[in-house]
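Input: a single structure, listed below in structure tokens.
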């Protein structure tokens, strides 16, 4: 599976928010999208998902223009994990996850035994089967994020789009979610995620895209894109990239310099 974003122009009405965005992501790859607030990362995601109409360019999956696809096929190809989600009713975790099967059901159909088994498998994959009967609104933020990922997996997508999947999570839960994202890519999913933490790219990215103001866009390997110069240009602060090593790991980190 290959996703191609070709010269995308995205916005609302006639107002352009981002222009001339191009990149590819293949099965097993993780592309981390970095950039300051307000540069259009979420707008780009909405355009890829078909939630808003593109103003220019094209999105392709295996050479096909996805915006010629029916909504049902889009929902079966793309899984989406939002920043945060609180349902209006106190659903159980199992109910929230099985909602991912909606793309495969008729208008008035109920989930089948097979749908339930797929949902249970997604819970098991993420190690949260023990939460199945808990009320979604009563579990922790980190657990909710894993539930949302499980719901997306229940769609059985080929491409997983994640808008700040570690938003509002503590240090430990951030690491756990990033670890799960790595495992999903190893199983063949193509993953596109945004993050406000440049250090995350060192933990789970195959490639990186950096969006900046004035439609400045770069994409490439972690080493090519995540440089002190690029981060200063994007975020307006001095940054030092350091490397540490032990017998088993070489670790890199971005450290902001505060005067």
message = Test of understanding: what is the full-extension gain from residue 37 to residue 182, defined as 0.36 nm times their sequence separation minus their Cα-Cα distance?
response = 49.7 nm
query = Using alpha carbons only, how many degrees (0 to 90, rounded to 10) separate the axis of helix 171-186 from the longest principal axis of the chain?
reply = 80
note = Put in order of increasing Cβ neighbours within 10 Å, starting from the fewest, 67, 200, 130, 249 give 249, 130, 67, 200
query = Over the chain, what relative contact order in percent results from Cα pairs under 8 Å that are six or more residues apart?
reply = 23
note = Neighbour-count ranking for 99, 162 (other C-beta within 10 angstrom, fewest to most) reads 99, 162
request  = Determine by what factor the alpha-carbon radius of gyration of the range 2-222 differs from 2.2 N^0.38 Å, reporting the quotient.
outcome  = 1.00
query = For the chain, modelled as a Gaussian network with Cα springs under 10 Å, which listed residue fluctuates most, 14, 92, 154?
reply = 14
inquiry  = Can you sort 193, 54 from fewest to most other Cβ atoms within 10 Å of each residue's own Cβ?
reply    = 54, 193
request  = Estimate the FRET efficiency between residue 114 and residue 2 by the formula 1/(1 + (r/R0)^6), using the beta-carbon distance for r and 22 Å for R0, to the nearest 0.05.
outcome  = 0.15
task = Could you work out how far helix 113-125 tilts from the main Cα principal axis of the chain, as a 0 to 90 degree angle to the nearest 10?
result = 30
query = Calculated FRET efficiency, residue 139 and residue 53, Cβ-Cβ r, R0 41 Å, to nearest 0.05?
reply = 0.70
request  = May I ask you to derive the FRET efficiency for residue 216 and residue 105 from their Cβ-Cβ distance with R0 = 45 Å, giving the value to the nearest 0.05?
outcome  = 0.55
ask   = If you take the Cα atoms of the range 43-129, find Rg, then find the Kirkwood Rh from the mean of 1/r over all pairs, what is Rg/Rh?
value = 1.01
task = Starting from the Cα of residue 26, step 7 Å along the direction of its Cβ; do the same at residue 229; then give the gap between the two resulting points in nm.
result = 2.9
ask   = With each run of n ≥ 4 DSSP H residues scored as -39500 (n - 2.57), what mean residue ellipticity at 222 nm is computed for the chain after dividing by its residue count and rounding to the nearest 500 deg cm²/dmol?
value = -9000 deg cm²/dmol
task = Any chance you could give the angle, 0 to 90 degrees and rounded to 10, that helix 141-154 forms with the longest Cα principal axis of the chain?
result = 70
request  = With both partners inside the range 2-222, how many of the DSSP beta bridges are antiparallel, as a percent to the nearest 5?
outcome  = 55
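All of the numbers you see were taken from the coordinates with simple rules; none came from a lab. All figures in this text were calculated on a predicted structure; none of them were measured in a lab. Cβ sites come from the backbone with ideal geometry, for glycine too, and all protein chains shown count toward neighbours.
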